[in-house]
Every structure is written in structure tokens, then in C-alpha cells.
Amino acid sequence: MANNVILSAEEESRLLAPIDAHVAEIQKKIDGLRADGTEKIVYLRNHIGIVKEDKNYTKAERAKLVEEDKRQIEEAKRVEAQNKGKIDALIGEAKRYLDVHYDKDYYNRVVESCREEKTLALAEYEKAVATIKEDYAKSIRNLSDKQELKDEKYVYKNKLFDAKMSRDARLAMIKDRKHEAFAHRYHLIDLLTMSHFSFAEKRVQSWENYQYNFKLSNFLYKNGLYIVIVLIFIGLCIITPMVKHTSLLTLTNVLNILQQASPRMFLALGVAGLILLTGTDLSVGRMVGMGMVTSTIIMHQGVNTGGVFGLIFDFTGLPNAVRAILALVVTTMLTTCFASIAGFFMARFKMHPFISTMANMLIIFGLVTYATKGVSFGAIEPSIPMIFIPKINGFPTIIIWAVIAIAVIWFIWNKTRFGKNLYAVGGNPEAASVSGISVFKVTMGAFVLAGIMYGFGSWLECMRMVGSGSAAYGQGWDMDAIAACVVGGVSFTGGIGKISGVVVGVSIFTALTYSLTILGIDTNLQFIFEGIIILAAVTLDCLKYVQKK
């Protein structure tokens, strides 16, 4: 029965032939309709690019040729528009045919064949193993010499290994055959639509590719830490009601976590760009302290009671909204300036960012502490947070600021030339330089962007806490920001990382700290938890790097 189900390569080709032939006829009609439309547009646009780069033409000749190509493109676009309805109808006809015939007449048969072939392969493997074991038992039955026994055992293990390798190779071929049968349908659709797949078609292909490439070891490398952290949170959610008689998973707690995470998100997004360049920033916490002091002084409730280098500042004459914007501008200028200094030493003198940012950290802390005598500047005008981060029906709008920052940085990383260069320099600065990318400019750009994010984060934290700015504020935030990036998959090996990972990392650390605080766990013990998570994250990152090498 199994032999009747299992298809040979020739039988499989015969099943596929009528489907390919039918779609090919439709494809031929579509190609004819595209010849003077879409295909001509593509050809002419490529020709324009070639003409512009061709130094054999004079400037006037190039302009004339380009103008002629553009005129022909407009004609081709009119043809394309006229034929669009016919092409769409033919594509629809081909897709309907595939929906009716592809699975029924071909793919399902291949799947059934692969299933039977896999069962047969496993059965033959088990039979081969049994035979090897039986032969081994017979061969050692009359042996007493230790060396001979050792040699036979060595041969026995090799035979088992060969059988296993043969089985794995056969199973891989079966898996490839099934995947190729699945992919062929979308290859036909790809030709029909010129790679314009629908959303549903993209999702189906993504799921198939995920299943095809899935390996448990790789999955655990990538997601093992997250699985453990989720299990920890589940445990905390179970323990908290028992110990504190309150639920951890409430809307209020979730909003509080997101509210606390929002300013930290800005800091982590800034640091992430530096880690992408195999760098880091140890001065983030001190940047926050400087930003908090600056913002509190400008937005202070009434005349400042403390001074800076002995000077007392009074901004009460300005409208509150103007004071807030001024605080944001000044804070961002300061953080960007100091971040740029650290970036310059890294970019110009190849100084390790650990050194340049550590020096920054010491300079900022010493400067702010000396200037302010280390005192706290009290509260800001309470009406200012109501303007910029009000709570609307209990929802803290500071979260919206974080969402906007995530969207902006995602766009910069993924949709701009600077973002692509950032990945290129992080992955291989030498190759990037040879390709014409300015490593200096990219490095400086990353530090400037980080400085801007630090300024916004400090400003928002000041409004969230309604002031209380001091030089000591933000201590340890640098480690939190770096740890969040590492846990989120931004690799210190460079050129690897996603914005989604940074968001997950910040959320994880904020939620963990919040949960442990509710449970009444000592702050010092919380550091132990964070340290273990960081070690686990970096270990997994190193394992992935070693495996790739």
C-alpha cells in the first residue's frame, strides 16, 4: 500500500505538468499585455539610470535621451493603465485555478507521499539499528581480548552513527521535497503578480518558512530567556495574592509599569544605537541626573531655592508651557553636547566607548554636583505635567510619548540610509568604509541621536516625578538601559538588534522591578535578579555568536 502512495520524481512531475501548462498559458497572455506597459516602464527607467552615468554622452545628449525615455514612459503608463483590468482578470483566473487544482491534484498527493516515505524511512532505520545490534552481539559473544572488544565496540558505534546520518539525510530530503512542492505554488503566483503578494499569501508563506526552518535548539537560544522570565512572572502572579493579598495583574499595575517604563524607553533606544556599533554608554545615569537638575531649575515652582555656581535662577516670569519647552531644549542640548563629545573620541581616535563614556560620566557628575552643591531642587510647577503628560480617564499619556519615540527610532533604523549604514558599520566597519560609508559620521550620528533621546527621557522623568532634580538622580539607570537592550537581543557583537527587542527588554526589567517591589523584596536582592538575567542574556548571545562562527 505504501509503495502505491509514495511518488517517484517522474510521477510527481506528471502530476504537476498540467498545472504548470495551464498557468503558463495565462502567464503568456499576461506577458503580452505587459510588454508595452509595465515591462517597458522598467526597461526605460533602467535605461535612464544608465544614460545618466554614461560619460560618453554630452550633457545635452543625456538630457535629450532622458527626455525621450520619460516621454515613452508616459505612453507606457497609459498602456499599463489600459491593460490593468485585463491583467487583473487573468491573474484572478490563474489564482482560482490554483485554488481548485493545486492542492487536490498535486500538493496533497505529495504531502501524503512524504508522510508515507517518512514512516518507511523511520521503520527502515529501526530495522537497521536492530540488525546492527544483533550483529554486534554475535561478534562479541566469543571474544575475550579487551582490545578486540574495544575495536568491535568502535565499529558498532560507527555503524549506528552512519545509520543515523543516513536516516537524517533521507528525512531532510523528504522535508525539502514537501517544502518545494508548497513553494512552487507561490513561485507561480510570484511570476503572475511580479512579486506583489497579498497579505494573506505573505502570512501563509511566512508560517510555512518558519515551520521549515524551525530548530528547537535555535528556538531555545533565541527565546529561552523570555520563556524563563514569563515563567517567573507567572510565579509572581501566583505568589503575590498569597503574600500581599492583592493581584499583580490589574489594569492599574499594568499602566503603572508602562508609565515608569516610558522615560526609560527613551534611554534604552538611545543606548541601543551605540550597542549596535559594538559600543555602550556608561554616562546615561549621570545624563539623567543632569537633565533632571536642568529641567527642575527651569520649571521650578516659584523662585529656585538652590543655585548653580552660586547663581539663583528665576523663570517664573515665563508662561508654564514656554518654560517646559525651554527646559526640553536646554536639557536636550546639554545631553547631546556631552554625548557628542564621547562619540567624537570614539569616532576620531578609535577610543573604546567604555573609556570615553566613563570619562563623561565622571565629568558630568562632578560638574553638576559641584555646581549645585549636591542639593535637590524641589518640585516643579504642578500644572506643567498636566499640560504635557496628563492622565485622561486614568490613562497616563506619557505612554504615548514613548510610543512615538519607538515609531521614530524604528523608522530611522529601518527606513533611512543612516539606519542601514548603522547596521553596516556595526556589522563590519572596515567593509562599510570600503563601501563608501563614513564610519565617523555614522558613529557621531548614533551618539547625537542617543543624546537627543537622553534629553527627552530626562525631561519626561522630571515631569513624571514632578521635579526633585539632583545630581544623584538616575544612578544605575545606565546599567538598566544597557541590560534592557541586551535582554532584548541587541548584540554587543554589532549589527544585530531590533527595536521590538529593546521595547521587550525595557518592559521586562520595569515589570520585574515593579513586581518585586510590590512583593516587598529588598532592593539589593532585586539587583541580584537583574544580574542573573543579564548574565543569562549575554551567555545566550555569546552562544549564538559562537554557533554562527
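Readers should treat all values here as calculations from the given coordinates under stated rules, not as data from a laboratory. Just so it is clear, the model here is predicted, and its values are computed rather than measured. Note that we place each Cβ from the backbone using ideal geometry, even for glycine, and neighbour counts take in every protein chain shown.
Name all residues of segment 250-280 having a backbone nitrogen under 20 Å from the label point set 7 Å from the Cα of Ile404 along its Cα→Cβ direction, giving them as ranges.
258-271
Compute the whole-percent fraction of alpha carbon pairs in segment 259-349 spaced more than 21 Å apart.
Details: 1727 of 4095 pairs.
Taking all Cα-Cα pairs of segment 259-349, the fraction more than 21 Å apart is 42 percent.
Only helices at least 18 Å long along their axis, Cα-based, and averaging 0.0 or more on Kyte-Doolittle count here, so list those DSSP H runs from the chain.
On the way: long enough: 9-34 (34 Å, -0.42); 38-53 (23 Å, -0.17); 59-101 (57 Å, -1.11); 108-141 (50 Å, -0.65); 146-193 (69 Å, -0.93); 199-213 (21 Å, -1.66); 216-244 (39 Å, 1.63); 251-275 (34 Å, 1.12); 284-299 (22 Å, 1.33); 320-349 (43 Å, 1.49); 353-372 (28 Å, 1.43); 398-415 (25 Å, 2.11); 439-464 (37 Å, 1.07); 499-518 (29 Å, 1.80); 523-548 (38 Å, 0.96).
Helices meeting the span and hydropathy rule in the chain are 216-244, 251-275, 284-299, 320-349, 353-372, 398-415, 439-464, 499-518, 523-548.
Report, please, the projected area of segment 2-214 averaged over directions, based on the convex hull of its C-alpha atoms, in nm².
About 20.3 nm², averaged over all directions.
Determine the relative contact order of segment 349-469: mean sequence separation of Cα pairs under 8 Å and six or more apart, normalised by residue count, in whole percent.
33
Report the label-to-label distance for Val111 and Asn256 in nanometres (one decimal), using points 7 Å from each Cα along the Cα→Cβ vector.
My value for the distance between the label points is 5.0 nm.
Would you please give the residues with an amide H less than 5 Å from that of Gly467, counting only those at least 5 places away or on a separate chain, with H modeled from the backbone geometry?
Ile380
What does the extension gain come out to for Leu120 and Ala431, with contour length at 0.36 nm per residue minus their alpha carbon separation?
So the chain would gain 107.0 nm between Leu120 and Ala431.
Specify, per residue and in Å³, the volume enclosed by the convex hull of the alpha carbon atoms belonging to segment 347-434. Let's see the in-between values first.
Numbers: hull volume 15.2 nm³, N = 88.
About 173 Å³ per residue, rounded to a whole number.
Where does segment 229-281 land on Rg/Rh, using Cα atoms and the Kirkwood Rh? Walk me through the intermediate numbers first.
Working: Rg = 15.9 Å, Rh = 13.4 Å.
Ratio of gyration radius to Kirkwood radius: 1.19.
At a 10 angstrom cut-off on C-beta neighbours, averaged per residue, how do the peptides 272-278, 322-328 rank from highest to lowest?
Working: 272-278: 25.4, 322-328: 19.3.
Packing proxy ranking, top to bottom: 272-278, 322-328.
For each pair in Lys84/Lys415; Lys202/Lys498; Lys29/Lys70; Lys86/Lys178, compute the distance between the two Cα atoms and list the pairs where it is over 24 Å. Could you put the intermediate results ahead of the total?
On the way: Lys84/Lys415 30 Å; Lys202/Lys498 21 Å; Lys29/Lys70 26 Å; Lys86/Lys178 34 Å.
Beyond 24 Å between Cα atoms: Lys84/Lys415; Lys29/Lys70; Lys86/Lys178.
Mark the label point 7 Å from the Cα of Cys542 along Cα→Cβ and return the residues of segment 463-506 whose backbone N is within less than 14 Å of it.
Backbone N within reach: 492-493.
Which FRET efficiency value, to the nearest 0.05, is calculated for Asp522 and Lys215 with the Förster distance at 56 angstrom and r the Cβ-Cβ distance? Before the final figure, lay out the partial values.
Values: r = 41 Å, r/R0 = 0.73.
For Asp522 and Lys215, the calculated efficiency is 0.85.
Normalised by the residues of the chain, what does the relative contact order come to in percent, with Cα pairs under 8 Å and at least six apart? Walk me through the numbers before you get to the answer.
Working: 655 pairs, mean separation 97.4, N = 549.
That works out to 18 percent.
In nm, what is the difference between 0.36 nm times the number of residues separating Ile140 and Val322 and their Cα-Cα distance? Intermediate results must be reported in sequence, preceding the final value.
Working: separation 182, 0.36 × 182 = 65.52 nm, distance 9.17 nm.
That works out to 56.3 nm of additional length.
Would you mind computing, in nm to one decimal, how far apart the modelled labels at Leu231 and His245 are, each placed 7 Å from Cα along Cα→Cβ?
About 3.2 nm, to one decimal.
Could you work out how far the C-alpha centroid of segment 465-527 sits from that of segment 344-393, in angstrom?
Cα centroid of segment 465-527 versus Cα centroid of segment 344-393: 17 Å apart.
When only C-alpha pairs under 8 Å and at least 6 residues apart count, what is the relative contact order of segment 123-270, in percent?
13
I want to check the label-to-label distance for Ser13 and Lys157. Put each point 7 Å from Cα in the C-beta direction and report it in nm to one decimal.
About 4.4 nm separates the two model spin labels.
Taking a cut-off of 18 Å between Cα atoms, list the aspartates and glutamates near Lys215, but don't count ones fewer than 8 places away on the same chain.
Of all the aspartates and glutamates, those that pass the test against Lys215 - Cα under 18 Å, at least 8 places apart if same chain - are Asp168, Asp176, Asp541.
Which of the lysines could a cross-linker bridge to Lys64, judged by Cα under 16 Å and excluding same-chain residues fewer than eight apart?
Answer for Lys64, where 16 Å is the Cα cut-off: Lys52, Lys55, listed by chain and number.
Subtract the Cα-Cα distance of Ile392 and Phe313 from 0.36 nm times their separation in residues, and report this length gain in nm to one decimal. Spell out each step's value before the answer.
Working: separation 79, 0.36 × 79 = 28.44 nm, distance 3.30 nm.
Extra length from Ile392 to Phe313 when fully extended: 25.1 nm.
What number does segment 289-427 give for Rg over Rh if you use C-alpha atoms and the Kirkwood radius? Walk me through the numbers on the way to the answer.
Working: Rg = 18.5 Å, Rh = 17.7 Å.
Radius of gyration over Kirkwood radius for segment 289-427 works out to 1.04.
Taking the mean number of other Cβ atoms within 10 Å as a proxy for protection, how do you rank 388-396, 85-93 from highest to lowest? Working shown, then result.
On the way: 388-396: 12.6, 85-93: 14.1.
Packing order, densest peptide first, comes out as 85-93, 388-396.
Lysines near Lys138 by alpha-carbon distance under 17 Å, same-chain residues fewer than 8 away left out - which ones?
The qualifying lysines are Lys127, Lys146, Lys150, Lys153, Lys157, Lys159.
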